[in-house]
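All remarks here apply to the structure that follows.
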Amino acid sequence: MIKLAHPVIDDDEKAAVIAALESGQLAQGPRVAAFERAFAAYCGAGHAVAVNSGTAALHLALVAHGIGAGDEVIVPAFSFAATATAVLHAGARPVFADVCDDDFGIDPASAERAITPATRAIIAVHLYGQACRIAEVEALCGPGRITLIEDAAQAVGATAGERRCGSIGTAAFSFYATKNLQTGEGGMITTGDAAVAERARMLRSQGERARYVTEEAGYNFRMTEVAAALGATQLPKIGARNDRRSANAARLTARLEGNPRIVVPREMAGRRHVWHQYTLRVPAGGEARDALQAGLRERGIESAVFYPAPIHRQPLYRRLGYAGVSLPVAERLAGEVLSIPVHPSLSDADVDAVAAAVNDLAR
Ligand SMILES: *Cc1c(COP(=O)(O)O)cnc(C)c1O
């Protein structure tokens, strides 16, 4: 079986976990603080606040910016569900924007049309490991007007121009088991705003700055020392692991780009793609895409559809009154996309087998 994701845990990562277990401190402690410092430096962000999931990072980023009841937050309709549920958990209202079919990110023109006097933030998702049109979204936000939140859950190490994802707005990362950097569960907020970082630190641990002094209704979003040990040990290797993903992606593209039945993913000019996923499109649509996936499965190759429905078409949002929302690109992409293996543990022979199977099935 050629899997879609495979965690890479080296001997020194195992040793770091054992050391954390033997340190006498299992929950948020010195390893979490060290991981935060290293991660902020890696992203080129002023501050980093570790949490226990990417979902918690998104939720806390919104709350730390003071976004809540009565506010609207613009989110792309084609993303992981948590991008939008974080807005609901913050007490605000998600307003969906359409996406672009070349980089799968938010369409700045659609985002602009969604702006109202109640808009407080835009969440820009760097889907599949490539930055979205973030400079255009940043321009829409303007200084001090609308808060820019990057959902960088899939984009550790990706760049947009000279800047790393996570250093542009306030950002949320995920270190879930299948992400490029993997701690099992885990997440991080990065921000250039010291006050937001301080508020996020307070809210992450019961709304306390000093022990047992409750200032606000906080959460328990703390990271464990074990997760931080894994993350900090992996961070120096993420460049090499992302390079291996890039090499696998280039090898896939070289073998697939002549196939008229599929559209291969593009690395956009001036952006470093970190290939969290290698996502094809099958323009013939749902049935042809599903047949390709079934054929791959028969040949022992795992693939996945991220995501089979746009967020506004999920039962929750129908119930919340979004049934009339129409976002044609997001709706079309949900029927066309298929992610195939690109992870760093694949051999060249694995990559060749994946490409050969796709070409053989999509003829
Ligand atoms: C994984 C992911 C999240 C949520 O992260 P968790 O760690 O699973 O909570 C949010 N947004 C996107 C785009 C993701 O891929």
> When you look at L88, is it within 13 Å of I67 (Cβ to Cβ) and within 16 Å of the ligand (Cβ to nearest atom), yes or no?
Replying inline: yes
> Could we say that T116 is modelled with pLDDT of 95 or more, within 20 Å of L320 (Cβ to Cβ), assigned by TED's automatic domain parsing to the domain that holds G169 and within 16 Å of the ligand (Cβ to nearest atom) here?
Replying inline: no
> What residue, of R241, R245, is in contact with a Pro (Cβ under 6 Å, 6 or more places away or on another chain) and surrounded by 22 or more Cβ atoms within 10 Å (Cβ to Cβ)?
Replying inline: R245
> So, in region 91-106, of the ones that are over 23 Å from P283 (Cβ atoms) and more than 15 Å from the ligand (Cβ to nearest atom), which residue ends up surrounded by the fewest Cβ atoms within 10 Å (Cβ to Cβ)?
Replying inline: G91
> Could you list, in sequence order, the residues of region 325-343 that are buried (at least 19 other Cβ atoms within 10 Å of the Cβ) and assigned to a loop (DSSP other than H, G, I, E, B)?
Replying inline: L327, P341, V342, H343
>> Being among the aliphatic types (A, V, I, L, M) and within 26 Å of A34 (Cα to Cα) is the filter here; which residues of region 224-252 pass it?
In response: V226, A227, A228, A229, L230, A232, L235, I238, A240
> Counting only residues that are under 19 Å from G66 (Cβ atoms) and touching a residue at least 24 places away in the same chain (Cβ under 8 Å), which one in region 206-225 is nearest to the chain's Cα centre (by Cα)?
Replying inline: F221
> Where in region 128-247 are there helices (runs of 4 or more DSSP H), lying fully within it, with 1 or more residues that are more than 21 Å from G54 (Cβ to Cβ), at pLDDT 95 or above and more than 15 Å from the ligand (Cβ to nearest atom)?
Replying inline: 134-141, 194-204
> Can you tell me which of A139, A152, A111 is among the hydrophobic types (A, V, I, L, M, F, W, C), surrounded by fewer than 18 Cβ atoms within 10 Å (Cβ to Cβ) and touching a helix residue (DSSP H, G or I) at 6+ places or on another chain (Cβ under 9 Å)?
Replying inline: A139
> Under 9 Å by Cβ, and 6 or more places apart or on different chains, what pairs join a residue from region 283-300 that is exposed (fewer than 13 other Cβ atoms within 10 Å of the Cβ) with one that is among the hydrophobic types (A, V, I, L, M, F, W, C) and not in a helix (DSSP H, G or I)?
Replying inline: G300/M1; G300/I2
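The values are calculated or read from the model by the stated rules, or taken from the named source; none is laboratory data. All figures in this text were calculated on a predicted structure; none of them were measured in a lab. Reconstructed Cβ throughout: ideal geometry from the backbone, glycine too, with neighbour counts over all protein chains shown.
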